[in-house]
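Asker: What follows is a structure written as structure tokens; I'll ask about it next.
The values are calculated or read from the model by the stated rules, or taken from the named source; none is laboratory data. Everything quoted here is computed from the prediction, not taken from an experiment. Quick reminder, even Gly has a Cβ in these numbers, built from the backbone with ideal geometry, and neighbours come from all protein chains shown. Note: accessible area is taken over every heavy atom of the protein model, side chains too, but ligands, DNA and RNA are not part of it. Shrake-Rupley method; radii C 1.70, N 1.55, O 1.52, S 1.80 Å.
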Amino acid sequence: MSDKFVYEVDLSGDKKLESSLRKSMNQWAASVPNHPYAKLGDNIQVKQIFYKPAYPVRLQSQFEERGRHEGHEPFANQKFPQRNLFKLSDFRAWDIELPDINDFTDSSLNYIVNGSQHVENCFKCEAKGWITCVTCHGAKQLTCPSCRGAGETKCSNCSGGGTLRCNNCSGSGTIRRQVTRSTQVWIPERYDSNGYKIGNTGTYTTQTSYDTVSESCSSCNGRGRITCSTCYGDGKISCKRCGASGKITCGTCSGSGRNTCPICQGKKQLLHYFYVKRDLSFTDQKTCVIHGEVYDRFPQFLEEYEHYESNNQFSKLQKRIESGQLPEDNHLNEFVDRFINNAHQDATDIHSLKFQQLDIERIDAREMHYLFKGKKYIMLFVGSDFQVIPGLSPIYEVSFELWSRAVAAAKARLYSRSRRLLKKAESIGTFEIQDDLEDALDVVESKISDSYKFGTLIGALLSAFLGGFLAYTYFHDVNYVLDYAAFINKSGNWLYDYHPQAMTISFLVLVFFGYRKSLKLWKYYGSAVPGATVRILLSALSLILLSVILLIVLVSLNITGITVLLALAFWIAMWVIKIVVFLAVLFVQLVIWLAKAVWWILKGLIGIFT
């Protein structure tokens with residue numbers, strides 16, 4: 001037993017082990033990038049090797065609680081034993097035999113106690129099997145929700161108005177048509193210089209003219225509206241849901257006025273019984289006992305011990321495990337006994353300890369002390385394959401040096417260089433400075449991102465100002481479009497004034513989206529650009545170039561005339577805004593008028609009674 005739980009063994013004379021550790025060190029060093037010590041294991045001087053195993057300890061404890069309760073269920077002629085228990089105090093929950101527990105589990109189950117069963121009339125329905133419907137309260141019918149009991153609903157064809165707009169005259173009441181008029185016109189005689197009559201002159205001729213006249217619409221008799229053919233002008237129609245009765249059959253009871261009793265489910269009687277509620281729960285206490293020097297030197301080991309290769313050294317499963325399981329004075333006793341005592345303290349009269357399982361694993365760990373270039377180092381090797389936990393190694397010092405240089409570069413505002421150095425240090429994967437490297441990277445990448453944000457913002461502002469001015473000028477003064485869309489350039493057209501504004505706003509929206517996309521693009525690909533000034537200029541110029549391309553695309557689309565839809569949308573939006581503003585002003589004026597009216601009334605009342 002004592003051989004299983006050793007604390008420390010000196011293995012310095014084991015040359016075969018030393019060779020294996022060197023080989024493992026070489027493999028690890030070759031797998032780590034950005035350092036000059038690929039054959040580190042061949043260039044060290046081994047001083048000492050110690051076996052310092054770690055011991056994961058786990059104690060699981062299954063507990064059980066029981067309680068006595070009363071219950072009932074619908075009686076369906078179930079068979080049950082003769083009653084001999086009449087109240088809860090007639091039995092103890094722990095005297096009832098329940099199924100054995102074989103695994104650690106958390107669960108809650110109820111078990112009926114035989115001898116407590118008896119039948120009684122249902123207390124809810126008084127043995128009728130039904131209760132008055134909870135929805136219609138026995139009335140069997142409900143007020144129709146569609147017509148609210150009126151039997152009629154608003155006509156959907158005319159929206160309750162009783163009339164519809166006349167389609168013949170479009171609601172105007174008049175029809176315009178064109179008439180032909182003929183007029184006799186005298187053409188005087190005309191002669192040329194020689195005294196000859198010119199053409200057919202000195203006679204009457206017929207001239208034809210066309211006039212547009214307005215006539216009363218015959219379909220609506222000049223009213224502009226016609227009687228609704230659905231409701232015949234009444235504005236209401238019979239409710240289809242209730243058949244004009246104003247009532248519908250209750251859906252809960254199907255018109256019977258009754259519901260099946262929810263307690264006895266229509267059986268009229270209940271089977272009453274006592275039951276034991278069994279609550280199962282278990283505790284799982286775990287730790288890893290590590291050699292004190294390993295704990296201090298290799299924090300990575302404690303954090304990742306659950307992923308390392310281990311072998312079971314001790315396992316015991318019984319109803320109650322007592323302290324002192326390991327040999328006296330063993331360094332694991334303190335931890336194991338504390339777990340056991342904690343579990344025993346959780347046990348009470350109602351929180352019973354059912355069984356426990358204690359497992360102790362062993363993780364083989366070998367600590368090698370070595371010299372490299374005259375400096376002392378320590379490395380840990382775990383498991384049968386000698387997995388390396390480097391600790392403060394020469395490679396660690398490379399990553400630390402990269403980190404230091406990165407910090408110095410950041411202070412000199414050379415953020416791109418700082419980021420490259422931090423990425424190299426991060427790739428080495430030194431556990432001890434991993435968090436510090438991540439924090440430094442966040443700061444440096446934030447600084448790089450800030451310069452791109454500033455440059456992109458400048459580019460966006462210049463593009464919006466200059467490009468917006470250029471866009472408005474073009475679409476207002478030039479606006480070349482194909483012939484079928486040329487109506488937009490006529491000053492009398494109702495969209496004429498809105499088109500340049502709509503196109504300018506569309507361009508500004510495109511610039512905004514280009515700004516957002518540029519920020520994301522530089523975030524992923526902009527870290528290689530050196531110098532904040534270069535990053536600002538590059539991001540600003542790139543967005544300006546993008547804005548030029550977007551303006552060209554917009555002009556190209558405008559040539560086809562499709563962008564007239566944007567002018568229409570802008571026109572609609574402007575009218576919506578005007579209406580909203582008008583209603584808001586009207587509401588404010590109404591509130592002020594009401595306040596003045598209330599003040600006038602109060603002032604009058606005060607004058608009357610004083």
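Asker: Residue check: is residue 72 surrounded by 14 or more Cβ atoms within 10 Å (Cβ to Cβ) and in contact with a His (Cβ under 6 Å, 6 or more places away or on another chain)?
Answerer: Taking the combined requirement at face value, the residue satisfies it.
Asker: Is it true that residue 536 is touching a helix residue (DSSP H, G or I) at 6+ places or on another chain (Cβ under 6 Å) and in a helix (DSSP H, G or I)?
Answerer: Against the criterion (touching a helix residue (DSSP H, G or I) at 6+ places or on another chain (Cβ under 6 Å) and in a helix (DSSP H, G or I)), residue 536 qualifies.
Asker: In segment 76-109, which residues are exposed (fewer than 10 other Cβ atoms within 10 Å of the Cβ) and farther than 27 Å from residue 269 by Cα?
Answerer: Scanning segment 76-109 gives 95, 97, 99, 100, 102, 103, 107.
Asker: Look at residue 23 and say whether it is out of contact with any His (no Cβ under 9 Å at 6 or more places or on another chain), within 30 Å of residue 426 (Cβ to Cβ) and charged (D, E, K, R).
Answerer: So residue 23 passes the test.
Asker: Out of 156, 107, report the one residue that is touching a residue at least 24 places away in the same chain (Cβ under 8 Å) and touching an Asp or Glu at 6+ places or on another chain (Cβ under 9 Å).
Answerer: Unique residue meeting the criteria: 107.
Asker: The conditions are (1) open to solvent by 60 Å² or more (accessible area, probe 1.4 Å); (2) in contact with a strand residue (DSSP E or B) (Cβ under 7 Å, 6 or more places away or on another chain); (3) not in a strand (DSSP E or B), and residue 286 fails exactly one of them. Which is it?
Answerer: Condition (3) is where residue 286 drops out.
Asker: Within segment 111-125, can one find any residue that is free of Cβ contacts under 8 Å to residues at least 40 places away in the same chain and loosely packed, with under 14 Cβ neighbours inside 10 Å?
Answerer: Looking for residues that are free of Cβ contacts under 8 Å to residues at least 40 places away in the same chain and loosely packed, with under 14 Cβ neighbours inside 10 Å, one finds none in segment 111-125, hence no.
Asker: Can you confirm whether residue 63 is under 30 Å from residue 428 (Cα atoms), modelled with pLDDT of 95 or more and open to solvent by less than 50 Å² (accessible area, probe 1.4 Å)?
Answerer: No.
Asker: Can you work out which of the residues in segment 555-570 that are of a type outside the set (Phe, Trp, Tyr) and under 35 Å from the mean Cα position of the chain (by Cα) is surrounded by the most Cβ atoms within 10 Å (Cβ to Cβ)?
Answerer: Here the answer is 566.
Asker: Only one residue in 266, 202, 222 is surrounded by 14 or more Cβ atoms within 10 Å (Cβ to Cβ) and modelled with pLDDT under 90, so which one is that?
Answerer: The conditions single out 222.
Asker: May I pose another question? Given the conditions (1) over 34 Å from the mean Cα position of the chain (by Cα); (2) open to solvent by 70 Å² or more (accessible area, probe 1.4 Å), which single one is not true for residue 504?
Answerer: Single failed check for residue 504: (2).
Asker: Shifting gears a bit: Restricting to segment 396-435, name every residue that is of a type in the set (A, V, I, L, M, F, W, C) and touching a residue at least 40 places away in the same chain (Cβ under 8 Å).
Answerer: Those that are of a type in the set (A, V, I, L, M, F, W, C) and touching a residue at least 40 places away in the same chain (Cβ under 8 Å): 398, 402, 414, 425, 428, 431.
Asker: Looking at the structure I just gave you, is residue 541 open to solvent by 90 Å² or more (accessible area, probe 1.4 Å) and touching a residue at least 12 places away in the same chain (Cβ under 8 Å)?
Answerer: So residue 541 fits the description; yes.
Asker: Next question. What single numbered condition from (1) open to solvent by less than 90 Å² (accessible area, probe 1.4 Å); (2) assigned to a loop (DSSP other than H, G, I, E, B) fails to hold for residue 607?
Answerer: Going through the list (1) open to solvent by less than 90 Å² (accessible area, probe 1.4 Å); (2) assigned to a loop (DSSP other than H, G, I, E, B), residue 607 breaks only (2).
Asker: Moving on to the next point. Which one of the conditions (1) under 38 Å from the mean Cα position of the chain (by Cα); (2) aromatic (Phe, Trp, Tyr); (3) not in a helix (DSSP H, G or I) does residue 496 fail to meet, given that it meets all the rest?
Answerer: (1)
Asker: Against the definition (at pLDDT 95 or above and closer than 29 Å to residue 61 by Cα), how does residue 345 come out, yes or no?
Answerer: Taking the combined requirement at face value, the residue does not satisfy it.
Asker: Go through 166, 147 for me and flag whichever is under 49 Å from the mean Cα position of the chain (by Cα), open to solvent by less than 30 Å² (accessible area, probe 1.4 Å) and in contact (Cβ under 8 Å) with a residue 24 or more places away in the chain.
Answerer: None of the others qualify; the one that does is 147.
Asker: Another one. Inside segment 225-242, can you point out the residues that are open to solvent by 60 Å² or more (accessible area, probe 1.4 Å) and not in a strand (DSSP E or B)?
Answerer: The answer is 229, 230, 232, 234, 240, 241.
Asker: Determine if segment 210-223 includes at least one residue that is touching a Leu at 6+ places or on another chain (Cβ under 8 Å) and either β-branched (Val, Ile, Thr) or outside any strand (DSSP E or B) (or both).
Answerer: Scanning segment 210-223, I find no residue that is touching a Leu at 6+ places or on another chain (Cβ under 8 Å) and either β-branched (Val, Ile, Thr) or outside any strand (DSSP E or B) (or both), so the answer is no.
Asker: Out of 97, 73, report the one residue that is of a type in the set (D, E, K, R) and farther than 19 Å from residue 261 by Cβ.
Answerer: 97
Asker: Provide a single number: the residues in segment 50-98 that are assigned to a strand (DSSP E or B) and of a type in the set (Gly, Ala, Ser).
Answerer: Residues in segment 50-98 being assigned to a strand (DSSP E or B) and of a type in the set (Gly, Ala, Ser): 4 in total.
Asker: Of all residues in segment 471-486, how many are hydrophobic (A, V, I, L, M, F, W, C) and loosely packed, with under 15 Cβ neighbours inside 10 Å?
Answerer: Residues that pass the stated criteria total 3.
Asker: Which condition number in (1) surrounded by fewer than 17 Cβ atoms within 10 Å (Cβ to Cβ); (2) within 30 Å of residue 119 (Cα to Cα); (3) not β-branched (Val, Ile, Thr) is the one that residue 254 fails?
Answerer: Unmet condition: (2).
Asker: Continuing with this model, one more query. Exactly one of (1) hydrophobic (A, V, I, L, M, F, W, C); (2) in contact (Cβ under 8 Å) with a residue 12 or more places away in the chain; (3) in a helix (DSSP H, G or I) is unmet by residue 30. Its number?
Answerer: (2)
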